[in-house]
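Written out below as structure tokens is the structure these notes cover.
The values are calculated or read from the model by the stated rules, or taken from the named source; none is laboratory data. Since we're looking at a predicted model, the values are computed, not measured. In this analysis, Cβ positions are derived from the backbone assuming ideal geometry, glycine residues included, and neighbour counts consider all displayed protein chains. Accessible surface areas use protein heavy atoms only, side chains included; no ligands, DNA or RNA. Shrake-Rupley method; radii C 1.70, N 1.55, O 1.52, S 1.80 Å.
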Amino acid sequence: MYPMLRFAKEMLKFGRKPRIGMLDAHVSTHRCWPWDLDPWVELNNGRTLTLYDLGRVPLVVRTGIIATLRRQGWGITVAGNSVRYRRRIRAFHRFTMVSRTLGWDGRFLYMEQSMWRRGECCNHMLLRGAFTGPGGIVSPAEVMQAAGADPDSPPLPDWVKAWIAADAQRPWPPVLPELAPEDRGGDLPG
């Protein structure tokens, strides 16, 4: 279940905070609750992605992007991500999340988010987001200009460019393995 109460708390807490620049970091503090856990009694990897929403949405509110999207009738969606997990977050642990935009290209906005506990990074995510409108993807430069920001992106870090290049080589749609007829299901092609 989506953490609606926690989301509402974050929006109330940060919705009226001072505006920040497009590339500034948004910092928030959270707690790992029992319903966030997996069978190994640590923060579930899927829940980690959900909790990252609690940092990302207030970030785009504070930068003014949300107001611009609403005004223009545009939206924003996650178009891909990669997460590196290094340290466990367990029940009732308090942790700090840092969220920021790194830059953009002709189609996507790139953000990084990380969770920290006691001075150590527990996990780190690179996320690609797409702005959407009635005609499909809206270029980030157009969104930035509509928000009153510089439409030109700062240079993306080399590690982000490498991720973009690697992801471009990935086949889409994925190639399915040979499946037995009873394993095919009704939704698979062929």
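For segment 75-86, does any single residue satisfy the condition of being closer than 27 Å to Ala146 by Cβ, open to solvent by 80 Å² or more (accessible area, probe 1.4 Å) and of a type outside the set (A, V, I, L, M, F, W, C)?
No, segment 75-86 contains no residue that is closer than 27 Å to Ala146 by Cβ, open to solvent by 80 Å² or more (accessible area, probe 1.4 Å) and of a type outside the set (A, V, I, L, M, F, W, C).
Condition (residue is over 30 Å from His30 (Cβ atoms), surrounded by 18 or more Cβ atoms within 10 Å (Cβ to Cβ) and modelled with pLDDT of 95 or more) applied to segment 115-138: is it met by at least one residue? Yes, segment 115-138 has at least one match.
Restricting attention to segment 35-44, the residues that are surrounded by fewer than 17 Cβ atoms within 10 Å (Cβ to Cβ) and closer than 25 Å to Phe14 by Cα add up to 1. In summary, Asp167 fulfils each of the numbered conditions (1) closer than 13 Å to Ala79 by Cα; (2) of a type in the set (D, E, K, R); (3) open to solvent by 80 Å² or more (accessible area, probe 1.4 Å) with the single exception of condition (3).
The residue pairs whose first member lies in segment 122-136 and is in contact (Cβ under 8 Å) with a residue 12 or more places away in the chain, whose second member is open to solvent by less than 30 Å² (accessible area, probe 1.4 Å) and among the aliphatic types (A, V, I, L, M), and whose beta carbons are closer than 6 Å, counting only pairs six or more residues apart or on different chains, are Cys122/Ile89; Cys122/Met115; Asn123/Met115; Leu127/Met111; Gly129/Leu109; Phe131/Val138; Phe131/Val143.
Considering only segment 170-178, I want to know if a residue exists there that is surrounded by 14 or more Cβ atoms within 10 Å (Cβ to Cβ) and either of a type in the set (D, E, K, R) or assigned to a loop (DSSP other than H, G, I, E, B) (or both). Within segment 170-178, not a single residue is surrounded by 14 or more Cβ atoms within 10 Å (Cβ to Cβ) and either of a type in the set (D, E, K, R) or assigned to a loop (DSSP other than H, G, I, E, B) (or both).
For segment 137-157, residues that are assigned to a strand (DSSP E or B) and in contact (Cβ under 8 Å) with a residue 40 or more places away in the chain total 1. Among residues belonging to segment 90-114 that are touching a strand residue (DSSP E or B) at 6+ places or on another chain (Cβ under 8 Å) and either of a type in the set (Lys, Arg) or farther than 20 Å from Leu59 by Cβ (or both), point out the one that is surrounded by the most Cβ atoms within 10 Å (Cβ to Cβ). That would be Arg100.
When restricted to residues that are closer than 23 Å to Tyr85 by Cβ and at pLDDT 95 or above, segment 1-25 contains 1.
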